[in-house]
Amino acid sequence: MDYFSQVVLFTDTDGRARFCEKPIALDQGSPQSMLSAVFASGGYQLRTSPVGFHSQFHCTMAPQWCFILRGQMQIGLQDGVSRIFQPGEHFYSADVLPDGATFDSAVHGHWSRQVGNDPLVTLFVRA
């Protein structure tokens, strides 16, 4: 069976954002066109960010897929880890604020920024 590797940005038990990878089974379709199960979605949103864009630390408001359509996006975490995503790459953003927590920019969330010479164009698909 084939798998799709889902990059996940999530809130760990200590309230900090982390990355992990989870397999999604491609167990439907045919050998020429392996498919996953159909997942529900709650709408989509496109965003463009100019050269030089850099956000503050923030949490994802609702779990969503982020697909990089143009440019490069860097995601940085509180522990100093960061990843750069290229056009055609993705991540599943689920680093929501823990229940009952008050946002603390020294503990929670991630930052994002545009990298390189091209504006960043992203597609967000709500889970």
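The values are calculated or read from the model by the stated rules, or taken from the named source; none is laboratory data. Since the model is a prediction, treat every value here as computed from it, not as a measurement. No Cβ is skipped: glycine too gets one built from the backbone with ideal geometry, and neighbour counts run over all protein chains shown.
Report whether or not Phe103 is surrounded by 15 or more Cβ atoms within 10 Å (Cβ to Cβ) and aromatic (Phe, Trp, Tyr).
no
Which of (1) free of Cβ contacts under 8 Å to residues at least 40 places away in the same chain; (2) touching a Ser or Thr at 6+ places or on another chain (Cβ under 9 Å); (3) among the charged types (D, E, K, R) does Asp12 not meet, given it meets every other one?
For Asp12, the exception is condition (2).
Which members of the range 1-10 meet the condition of being surrounded by fewer than 11 Cβ atoms within 10 Å (Cβ to Cβ) and part of a strand (DSSP E or B)?
Ser5
Ser82 - would you say it is under 14 Å from the mean Cα position of the chain (by Cα) and at pLDDT 95 or above?
Values: under 14 Å from the mean Cα position of the chain (by Cα): yes; at pLDDT 95 or above: yes.
Taking the combined requirement at face value, the residue satisfies it.
Let me confirm something: among Ala40, Ala94, Ala62, which residue is of a type in the set (A, V, I, L, M, F, W, C), in contact with a strand residue (DSSP E or B) (Cβ under 8 Å, 6 or more places away or on another chain), surrounded by fewer than 17 Cβ atoms within 10 Å (Cβ to Cβ) and closer than 20 Å to Ile24 by Cβ?
After applying the criteria, what remains is Ala62.
Only one residue in Ala62, Ala17 is of a type in the set (A, V, I, L, M) and within 14 Å of Ala127 (Cβ to Cβ). Which one? Don't jump to the end; show me each part of the working.
Details: Ala17 fails: within 14 Å of Ala127 (Cβ to Cβ).
Just a single option satisfies the conditions, and that option is Ala62.
Within the range 50-95, work out how many residues are charged (D, E, K, R) and closer than 18 Å to Gly116 by Cα.
Qualifying residue count for the region: 3.
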